[in-house]
2 protein chains.
Amino acid sequence: MLKIALAQINSTVGDLAGNTRKILQYAAQAQKEGAELVVFPELALCGYPPEDLLLKKHFVADNIKALDALSKKINDVTVIAGFVDSGAGGKIYNAAAVVGKGKILDIFHKKELPNYGVFDEKRYFSLGQNSGITMVKGVKIGINICEDIWINGAVYQEQARAGAQILINISSSPYQAGKLKLRQELLVGRAKETKTHVMYVNTVGGQDELVFDGGSMIISPSGDLIARARQFEEHLLMAALNPDTRRCSPKGPVFSLSQSPFPTVLRQAQGPGESFIAPLLDEAEEVYKALVLGTRDYAFKNGFKKVALGVSGGVDSALVACIACDAFGSRNVTAISMPSPFNSKATRQDARQLAKNLKIELKEIPIKRIFSSYLKTMAPYFANMPSGIAEENIQARIRGNILMAMANKFGGLILTTGNKSEMAVGYCTLYGDMSGGYAVIKDVFKTKVYELARFRNSISREPLIPESILFRAPSAELKLGQTDEETLGPYEDLDKILMAYIEGHASPQDIVASGKDEKLVWRTIRLVDMNEYKRRQAPPGVKITSCAFGKDWRLPITNRYRE
Amino acid sequence: MLKIALAQINSTVGDLAGNTRKILQYAAQAQKEGAELVVFPELALCGYPPEDLLLKKHFVADNIKALDALSKKINDVTVIAGFVDSGAGGKIYNAAAVVGKGKILDIFHKKELPNYGVFDEKRYFSLGQNSGITMVKGVKIGINICEDIWINGAVYQEQARAGAQILINISSSPYQAGKLKLRQELLVGRAKETKTHVMYVNTVGGQDELVFDGGSMIISPSGDLIARARQFEEHLLMAALNPDTRRCSPKGPVFSLSQSPFPTVLRQAQGPGESFIAPLLDEAEEVYKALVLGTRDYAFKNGFKKVALGVSGGVDSALVACIACDAFGSRNVTAISMPSPFNSKATRQDARQLAKNLKIELKEIPIKRIFSSYLKTMAPYFANMPSGIAEENIQARIRGNILMAMANKFGGLILTTGNKSEMAVGYCTLYGDMSGGYAVIKDVFKTKVYELARFRNSISREPLIPESILFRAPSAELKLGQTDEETLGPYEDLDKILMAYIEGHASPQDIVASGKDEKLVWRTIRLVDMNEYKRRQAPPGVKITSCAFGKDWRLPITNRYRE
């Protein structure tokens, strides 16, 4: 029996010392529980993705030093962990080290380098050449890295042909809604195809716009799911394998560590001898948890312990306030309501009720006086011109200025509250409501915002978000009688058009052919194209779809292609 | 004799119809002047770089349709032009089409795909397989595309071995200071190495952060420069080649078209029989022209004909005002001075003098009243706290709000005026002085700002920028008695440290070892690392160095690597 632990940990990009400590801590715990082999995710030592840190020779050298130091402390257990290896001619590799007996025993280099979507691995890494076959306690193991097991017929098949009894894949696979199921289907296929156990360990945690959702798993050669770690939490998943029969015991002991990297508290989820299969989450819960983890890790890893946000009495800011409370605790969240004469009593009252429900502090800072001072100052220039978009944006930018001033004075990260539908069509004010450090729901369409709000209400005894917020027609309230849907069209239709255009790369003709209103399609797409400049200046936010407005959306601003 | 014209044109990304018209116009003009072969730059048909437009199947299809339509109109001359080709399995290629006799005669696919710096070509393109050898009027030509001739010993050598009498390289090579010389050295080497004529045609024009500087050239097999087109202007460069002697006549007729794409006016620079070698520019002039072209093209290609900017009486805004006047003409530039009680009489006076010298409209919009209204509104929250960064940033953000309001009311693009030294260390206010559509000098270090200001003064009869601006210690003037260099250290030292860290990827230890003040080095680098979040939300601006804060700088925001 080979006892293997999959250590689904939350590394921090660049934190070589901290990541080393975490690896040692998990390795020690796994060893204590009987593990002989402990496996950590792709680039666990330096965090994923390190991006252009990889262009710094001293960064790569420091990461290798960290691995050397780590290896000296690994003696009576074998560890596999991801790091950046260097080779001749300045080449570097996305690598897995096999460490034990106080030294580095073996190294494997990733062969399939993804360079699409959010990935830029060909920018940095050279292609690996070695087989990835290593022996641990007499068991032949094929080690591969993330994409190596996704690309059909490549690396993993050679390893199986070379007699690997287990395939171990170390990954840093970013979350998008429903991805866990995709991964599981893939791994089941690979296990059956190779008639081999597949052990998959994924990173967990947030890194700028990406969330890694964990969900590490073990699949038997017949394609059965033997164990699956929780999503969005650190987890130590264990199994015992009988290499002779190539049978994996479903009864390996399974342990779990708390989700928060600050501090890490060890706790045991299941008794020894019990299998652990974390339940699949519903999509709303999965996405909600991704938003919480992404937001929390962005704040914590950048040194923020508290946050503030503007609440308008609308559903976007209400949802973000809930996420903030779940991520940081109510006492670390400050809501700031900045009413103008255009805000209705009803929305102001809803903002108050929301704050009360969430037990967060609410500061009311009316903007009327400041707005008047702008109008007076600009009067000589604006004389005899009708009030319009300039006056609307001035209000939004006063609010941005106030939020940033509060952050400057009291610390804390400002969360912005705009959704993906707005970001897509530019229904938002640059330097106004777009001001802040992290745009929590920038990849969440408006219709999904409602879904998540209802989900969050459904899991607390009393609804946190007042029902009136969920039923009122959304409005920017920057002039009288405004509603979003009068300007943009019904969100139900708008979001479907946006999804087809953004995630599906569909042409307007295709979208019209699918039954959408022609005028709305062309107008919407024109708005998306025109507003690239706004998105380029938006703060980062959690990616939850297959194409977020981030590294997977690289459209030129200067673009005369008219669909 | 084969008469060849290199058409150094300014395409616009996505403007298939406009680019087609331009290609036909240049082809007709070249033919009129006797050319038998007319060569256009890399991806001339769709503009470079099209980025994720390439993920849209209908975009690629439309570009192929445009090529088909174009080819029907090319009859009595041969044209080589860059376009996106499609192949089996959804593959696409960065391609050159040989067009003539009303059809597409041949197609070559780029083999070396750059995926570093600002380039992401492996994200989109598949590798080409064919040789790139084509016959035109009995002359054997090797066609290669940009990187194909940069990579040592690859594509171009095979073509020479296959008997190519001329190597034609079509490029879209982005500008950085001094790059023309690099290119020329490379091409001279390739010509000598292959004993072949090398004809190099480069794109000209701005595209978001990139400027293509043209400088197309013809090198003889002995490594002599036969002709060179001007930088930063459209140009039609011609030469006649005798394929028997492999000798290229230096006396081909040479033509030039006006620099502005709006509208294109043909004019003849040189008489027939004269050679044309554009002079090499001094670095200051070269960089200055890059800034003018990049700014003008960003505005024009995005539909702006006029611009506005805040002028403070400092050197940064003074330089940007000069660039704006050279790009758009004085009557299309509005300067807005937004003095606070912290602005000295001297800087206010300098702002006025600058506007007078440049013959631009100056609007003075004092921010005192608005600032007071913020302080009154915030008083309940800020009570008993010392005045500090919050109050400084409020002022900068009031100015940002006013500028954007003016743009909303009167149209026009807002130019921001921050330099690279500030952007690097975060000595700028997000949503404040960073507000605007285009950040003209964001890749220009402060010491270089002075150099460019002096250069611009040197070429006009009377200095445009008042000398007092050049001699005053720079200050943000957001509180009393502030100077930049007290906060940041001397710019001379700061800029050298920044250059080593940013462009050289040097470690702090290396920079200290090179003789810089240790404390200043560590503090500066810490500031650069800390301020990634600000840069991420900055507007685009012209790249003039080997590593601008744009596509060639992809550092994570969340980054605990402490140098």
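The values are calculated or read from the model by the stated rules, or taken from the named source; none is laboratory data. Small disclaimer: the values here were computed from a predicted structure and weren't measured. Here Cβ is always computed from backbone atoms with ideal geometry, including for glycine, and neighbour counts include all displayed protein chains.
Of the residues making up the stretch B:353-394, those that are in contact with a Ser or Thr (Cβ under 7 Å, 6 or more places away or on another chain), under 18 Å from A:M404 (Cβ atoms) and either more than 11 Å from every other protein chain (Cβ to nearest Cβ) or assigned to a helix (DSSP H, G or I) (or both) number 4.
Residues checked against (1) within 20 Å of B:F212 (Cα to Cα); (2) in contact with a helix residue (DSSP H, G or I) (Cβ under 6 Å, 6 or more places away or on another chain); (3) more than 14 Å from chain A (Cβ to nearest Cβ):
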{"site": "B:R296", "(1), (2), (3)": "yes, yes, no"}
{"site": "B:G313", "(1), (2), (3)": "no, yes, yes"}
{"site": "B:L319", "(1), (2), (3)": "no, yes, yes"}
{"site": "B:A327", "(1), (2), (3)": "yes, yes, yes"}
{"site": "B:T334", "(1), (2), (3)": "no, no, no"}
{"site": "B:S337", "(1), (2), (3)": "no, yes, no"}
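One residue alone among A:R461, A:R560, A:R456, A:R535 is crowded, with 16+ Cβ neighbours inside 10 Å, among the basic types (K, R) and away from every other protein chain (no Cβ under 14 Å), and that residue is A:R456. Residues of the stretch B:149-190 that are buried (at least 24 other Cβ atoms within 10 Å of the Cβ) and over 22 Å from the mean Cα position of the chain (by Cα): B:V155, B:Y156, B:Q159, B:A164, B:I166, B:L167, B:I168.
The set of residues from the stretch A:17-69 being in a helix (DSSP H, G or I) and of a type in the set (V, I, T) comprises A:T20, A:I23, A:V60, A:I64.
Whether a residue is touching a Lys or Arg at 6+ places or on another chain (Cβ under 9 Å) and of a type outside the set (A, V, I, L, M, F, W, C) was assessed, and B:G100 does not pass this test. Yes or no: B:K376 closer than 19 Å to B:R456 by Cα, among the basic types (K, R) and free of Cβ contacts under 8 Å to residues at least 60 places away in the same chain? No. Please list, ordered by first then second residue, the pairs with beta carbon atoms under 9 Å, 6 or more apart or interchain, first in the stretch A:468-491 and more than 22 Å from A:M338 (Cβ to Cβ), second of a type in the set (D, E, K, R) and assigned to a loop (DSSP other than H, G, I, E, B). Partner pairs satisfying both residue conditions: A:G489/A:D517.
Return yes or no: is A:G189 in contact with a helix residue (DSSP H, G or I) (Cβ under 9 Å, 6 or more places away or on another chain), among the small types (G, A, S) and either over 26 Å from A:K3 (Cβ atoms) or outside the structural domain of A:A439 (by TED's automatic domain parsing) (or both)? For A:G189, the condition - in contact with a helix residue (DSSP H, G or I) (Cβ under 9 Å, 6 or more places away or on another chain), among the small types (G, A, S) and either over 26 Å from A:K3 (Cβ atoms) or outside the structural domain of A:A439 (by TED's automatic domain parsing) (or both) - is not met.
Rundown of residues vs (1) closer than 30 Å to A:V204 by Cβ; (2) crowded, with 19+ Cβ neighbours inside 10 Å; (3) more than 7 Å from every other protein chain (Cβ to nearest Cβ); (4) of a type in the set (D, E, K, R), yes/no style:
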residue: A:A506; (1), (2), (3), (4): no, yes, yes, no
residue: A:I511; (1), (2), (3), (4): no, yes, yes, no
residue: A:S514; (1), (2), (3), (4): no, no, yes, no
residue: A:V521; (1), (2), (3), (4): no, yes, yes, no
residue: A:N531; (1), (2), (3), (4): no, yes, yes, no
residue: A:P539; (1), (2), (3), (4): yes, yes, no, no
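Within the stretch B:228-251, if we keep just the residues that are surrounded by fewer than 23 Cβ atoms within 10 Å (Cβ to Cβ) and in contact with a strand residue (DSSP E or B) (Cβ under 6 Å, 6 or more places away or on another chain), the residue that is modelled with the highest pLDDT turns out to be B:A240. Inside the stretch A:21-60, residues that are free of Cβ contacts under 8 Å to residues at least 60 places away in the same chain and closer than 30 Å to A:D552 by Cα make up a count of 10.
Among the residues in the stretch A:24-42, are any more than 10 Å from every other protein chain (Cβ to nearest Cβ), closer than 21 Å to A:N302 by Cα and not basic (K, R)? Within the stretch A:24-42 (the criterion being more than 10 Å from every other protein chain (Cβ to nearest Cβ), closer than 21 Å to A:N302 by Cα and not basic (K, R)), the answer is no, since none of the residues qualifies. Run down B:A346, B:A351, B:A290 and say which single residue is in contact with a Gly (Cβ under 9 Å, 6 or more places away or on another chain), of a type in the set (G, A, S) and at pLDDT below 95. Matching residue, one of B:A346, B:A351, B:A290: B:A346. Within the stretch A:426-446, being away from chain B (no Cβ under 14 Å) and either under 20 Å from the mean Cα position of the chain (by Cα) or crowded, with 24+ Cβ neighbours inside 10 Å (or both) holds for A:V440, A:I441, A:D443, A:V444, A:F445, A:K446. The residue pairs whose first member lies in the stretch A:190-213 and is closer than 30 Å to A:F300 by Cα, whose second member is assigned to a strand (DSSP E or B) and among the acidic types (D, E), and whose beta carbons are closer than 8 Å, counting only pairs six or more residues apart or on different chains, are A:N202/A:D213; A:V204/A:D213. Any idea how many residues of the stretch B:300-320 are buried (at least 23 other Cβ atoms within 10 Å of the Cβ), out of contact with any Phe, Trp or Tyr (no Cβ under 7 Å at 6 or more places or on another chain) and closer than 22 Å to B:N10 by Cβ? The number of residues fulfilling the criteria is 1. Might you let me know whether the stretch A:493-501 holds any residue that is within 12 Å of chain B (Cβ to nearest Cβ) and buried (at least 21 other Cβ atoms within 10 Å of the Cβ)? Within the stretch A:493-501, one or more residues are within 12 Å of chain B (Cβ to nearest Cβ) and buried (at least 21 other Cβ atoms within 10 Å of the Cβ).
The combined condition, being more than 9 Å from chain A (Cβ to nearest Cβ) and either buried (at least 17 other Cβ atoms within 10 Å of the Cβ) or among the acidic types (D, E) (or both), is fulfilled by B:I544. Evaluating A:I80 against the criteria (1) free of Cβ contacts under 8 Å to residues at least 12 places away in the same chain; (2) assigned to a strand (DSSP E or B) leaves one unmet condition, (1). In this entry, A:S435 is excluded by the filter for residues that are free of Cβ contacts under 8 Å to residues at least 24 places away in the same chain and of a type in the set (G, A, S).
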